[in-house]
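Please treat every number below as a calculation from the coordinates, not as lab data. Bear in mind that the values here come from a model prediction, so they are computed numbers and not experimental data. Cβ: placed from backbone, ideal geometry, glycine included. Neighbour counts: every protein chain shown.
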Amino acid sequence: MAQESSQVPRTHRVAVLVDAGTNPFEVGVATELFGLPRPELGLPVPLYEVTVCAPTHEVRMNHGFLTLTDLAGLDAVDGADTLIVPGRPDNVVPREAAVRDAIRRAHARGTRIVSFCTGTFALAEAGLLDGRRAATHWRWAETFRRLHPEVLLEPDVLFVDDGDVLSASGSAAALDLGLYLWRRDHGAEIAGAVSRRLVFAAHRDGGQRQFVERPLPEVPDVSLGPLLAWAQERLGEPLTVADLAARAAVSPATLHRRFRDRLGTTPLAWLTGERVALACRLIERGETRLDVVAARSGLGTAANLRARLRRETGLSPSAYRKRFGPAAR
């Protein structure tokens, strides 16, 4: 998906800070999201580049499954635009002073700070979260509250965006937060291309539940996939939850229960999120008439479009166009 540009975009520098016992999955998420080449975007330079750094040049990962070697030192944090701190299981043991100092130093110079899973503990130990909102893994929520009562923990969400400090609640939620950062930095169109390569949902709102009970069904489960694909092709039509239920040949109550069990959200919230994402793509592709964007995305009116877009992105349609529209590229 090539973009026409008269100005070469600047590569955003990402540092991933690891120490002894760090979970390898979250390190993999960071490098997969921000470190791999993206030739499908058709850009002359990568939008992100990743450096993995540590207090030592060799780090033994969680349970000793693997060891990372030839790592950059903590001075790599000083050149980063975003610092990602993955989690580790021994959260009652504070990070060493050099790690805490590197996190504080990065925050003081204006670096965006991101934690994955229990990396939130490191941010709290560094004093970044006092009086601020944050998320961490549900299994460690009570421990976190006991150790860091000054933090406004939100225990049942996928991730929290508190401006310059963002936190994902778990390992899989790190993918949600990473794609959210792609969308916040570069718009829905590019984030969608990245999510398709990952074969991962392009958009799950941070406020969705991080833990969803999935009891074993008495009969084989029926995937929501075909229904979601059918609805995505008809977002501009006046679809309702009743229409979705009729398509799935179930009652609205059953459909609501399936969405809650499998997606952690409601049919209406999912439908609205998909419509907002479509509206963002239309604006990015150059549509300037708000009534047309609202109609084609199924949001109805320009007023509803403005309200939904501001709630989702924090931007008005004109500000979104200025940041992500064709003229910005």
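Listing for the model above:
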read-out: Gain on full stretching of the segment that runs from ASP130 to ARG109 - 0.36 nm per residue minus C-alpha separation; value: 5.8 nm
read-out: Relative contact order for the stretch 217-329, counting Cα pairs under 8 Å that sit 6 or more residues apart, in percent; value: 21
read-out: Value of [θ]222 nm, deg cm²/dmol, for the chain, DSSP H segments ≥ 4, -39500 (n - 2.57) each, nearest 500; value: -12500 deg cm²/dmol
read-out: Contour minus Cα-Cα distance for ALA303 and GLU142 (0.36 nm per residue); value: 53.8 nm
read-out: Check: the chain dipole with +1 on Lys, Arg Cβ and -1 on Asp, Glu Cβ, in debye; value: 960
read-out: Whole-Å distance, taken between Cα centres, linking the stretch 47-72 and the stretch 220-260; value: 44
read-out: Whole-number percent relative contact order across the chain, with pairs defined as alpha carbons under 8 Å at least 6 apart; value: 12
read-out: Most mobile listed residue (ALA106, ALA242, ALA174) in the chain, GNM with C-alpha springs under 10 Å; value: ALA242
read-out: Within the stretch 217-329: Cβ-based charge dipole about Cα centre, in debye rounded to nearest 20 (Lys, Arg +1; Asp, Glu -1); value: 620
read-out: Relative contact order, percent, the stretch 55-182 [alpha-carbon distance under 8 Å, six or more residues apart]; value: 20
read-out: Order of SER171, SER223 under a 10 Å beta carbon neighbour criterion, fewest first; value: SER223, SER171
read-out: Selected from ALA122, ALA72, ALA108 as most flexible by GNM, with the chain as the system and alpha-carbon contacts under 10 Å; value: ALA108
read-out: Furthest towards positive pole of dipole, GLY298, SER318, TRP270, structure part the stretch 217-329, Cβ charges; value: SER318
read-out: Evaluated over the stretch 12-198, the Cα radius of gyration and Dmax, each in Å; value: 15.5, 49
read-out: Distance between the stretch 9-31 and the stretch 265-301 - C-alpha centres, whole angstrom; value: 33
read-out: Inter-probe distance in nm under a simple model that places probes 7 Å from Cα toward Cβ, at THR11 and ASP101; value: 2.9
read-out: Inter-site label distance for ALA253 and ALA327 at 7 Å from Cα along Cβ, in nm; value: 5.3
read-out: Nearest-20 debye value, the stretch 12-198 charge dipole, Cβ charges on Lys, Arg, Asp, Glu; value: 140
read-out: (1) 25; (2) 21; (3) 18, with the label sought being that of the calculated percent of Cα pairs over 37 Å apart; value: (2)
read-out: Restricting the stretch 2-86 to chymotrypsin sites (Phe, Trp or Tyr not before Pro) in coil, as DSSP defines it, with at most 16 other Cβ within 10 Å; value: PHE65
read-out: Kyte-Doolittle at least -1.0, axis length at least 20 Å by Cα - qualifying DSSP helices, the chain; value: 171-186, 267-284
read-out: HIS12 long-range amide H proximity, modeled H, under 5 Å; value: TYR48, GLU49
